[in-house]
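The next block holds one structure in the form of structure tokens; read it before the comments.
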Amino acid sequence: FLELPYVVKGMDVSFSGILTHVEQLAKNALKQGKITKADLCYSLQETLFAMLVEITERAMAHCGQTQVLIVGGVGCNKRLQQMMADMVKERNGELCAMDHRYCIDNGAMIAQAGIFALQHGITTDLKDTSCTQRFRTDQVKAVWRAPNTWKHT
């Protein structure tokens with residue numbers, strides 16, 4: 001296992017620096033035969049997934065939840081599913097790792113959110129729409145969900 005940058009601040013992860021670090025290792029240590037491609041790939045996967053599991057565990061504790069649902073393209077990864085399952089089991093929780101048919105693209109989830117918004121009278125003229133790559137989901141008012149008061153346990 002190769003030590004890679006690991007940055008978790010609260011519920012935020014920072015992947016900046018990881019790719020650069022891996023590129024430098026590839027240019028130097030890999031070329032010199034000190035490490036293998038498998039070392040790089042394994043270390044990158046384990047580091048990134050550990051960060052995701054850590055913030056998920058923090059979210060569970062903060063929101064008093066016992067269930068985790070893994071979706072999206074990365075949700076197909078069996079190693080992430082196993083790491084998440086181990087963490088959830090330690091918290092006496094439940095993991096739902098979706099079938100790969102439902103983990104390919106978040107486009108369907110975005111479309112579903114749009115349907116919910118439309119059903120609740122929220123519309124936006126096409127000329128007023130935009131795409132924000134770094135959109136924070138915690139800044140969205142989901143009017144289709146009943147207000148919920150989270151209690152820290």
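Rule-based calculations on the coordinates, nothing more; no lab input. Here the structure is a predicted model, which is why all the values come from computation and not from measurement. Methodologically, a virtual Cβ is constructed for each residue, glycine included, from the backbone with ideal geometry; neighbour enumeration extends over all protein chains shown.
Towards the positive end of the charge dipole of segment 1-66, with charges on Cβ (+1 Lys, Arg; -1 Asp, Glu), say which of Ala50, Phe1, Ala38 has the farthest Cα.
Toward the positive end, the furthest listed residue is Ala38.
Within segment 1-49, which GluC sites (Glu not before Pro) sit in a loop by DSSP and count at most 16 neighbouring Cβ atoms inside 10 Å?
Glu3
Using 0.36 nm times the number of residues separating Trp144 and Arg58, minus their current alpha carbon distance, what extension gain do you get?
Residue separation times 0.36 nm, minus the Cα-Cα distance, leaves 28.4 nm.
Please state the charge dipole magnitude for segment 31-117, taken about the Cα centre, from unit charges on C-beta atoms (+1 on K and R, -1 on D and E), reported in debye and rounded to the nearest 20.
About 320 debye.
Separation between the Leu118 and Cys41 pseudo-spin-labels, each 7 Å from Cα along Cα→Cβ, expressed in nm?
About 4.1 nm, to one decimal.
When the C-alpha atoms of segment 14-130 are aligned to their principal axes, what extent does each axis show, in angstrom, from largest down?
Computed over the Cα atoms, the extents are 61, 44, 28 Å.
So, in the chain, how many Lys pairs have Cα atoms under 26 Å apart, if the pair is 8 or more places apart or on different chains?
Taking the Cα cut-off of 26 Å, the pair count is 10.
From the phi of every residue in segment 110-123, what ³J(HN,Hα) in whole Hz does the Karplus formula 6.51 cos²θ - 1.76 cosθ + 1.60 yield, where θ is phi - 60° and glycine or proline is x?
Karplus values, whole Hz, x for Gly and Pro: 5, 4, 5, 4, x, 5, 4, 4, 4, 4, 9, x, 9, 10.
Work out from phi, with θ = phi - 60° and the Karplus expression 6.51 cos²θ - 1.76 cosθ + 1.60, the ³J(HN,Hα) of each residue of segment 59-71, listed in order in whole Hz, and give x for Gly and Pro.
Per-residue couplings from phi come out as 5, 4, 5, 5, 9, x, 9, 10, 10, 10, 10, 9, 9 Hz.
Starting from the amide H of Ile35, placed 1.01 Å from N in the peptide plane, find each other amide H under 5 Å away whose residue is 5 or more places distant or on another chain.
Correct list: Leu30.
About the Cα centre of the chain, what is the dipole size in debye to 20, counting +1 per Lys and Arg Cβ and -1 per Asp and Glu Cβ, all else neutral?
Numbers: 17 positive and 15 negative charges, 26 e Å.
In total the dipole reaches around 120 debye.
Can you pull out the chymotrypsin sites (Phe, Trp or Tyr not before Pro) in segment 1-103 whose DSSP state is coil and whose Cβ has at most 14 other Cβ atoms within 10 Å?
Answer by residue number: Phe1, Tyr6, Phe15.
How large is ³J(HN,Hα), in whole Hz, for each residue of segment 52-57 in order, when computed from phi with the Karplus curve 6.51 cos²θ - 1.76 cosθ + 1.60 and θ = phi - 60°, using x for Gly and Pro?
So the J values, rounded to whole Hz, are 5, 5, 4, 6, 5, 5.
Amide H of Leu95: which non-local residues (sequence gap of 5 or more, or other chain) have their own amide H closer than 5 Å, using H built in the peptide plane?
Excluding prolines and chain starts, which carry no amide H, the hits are Val68.
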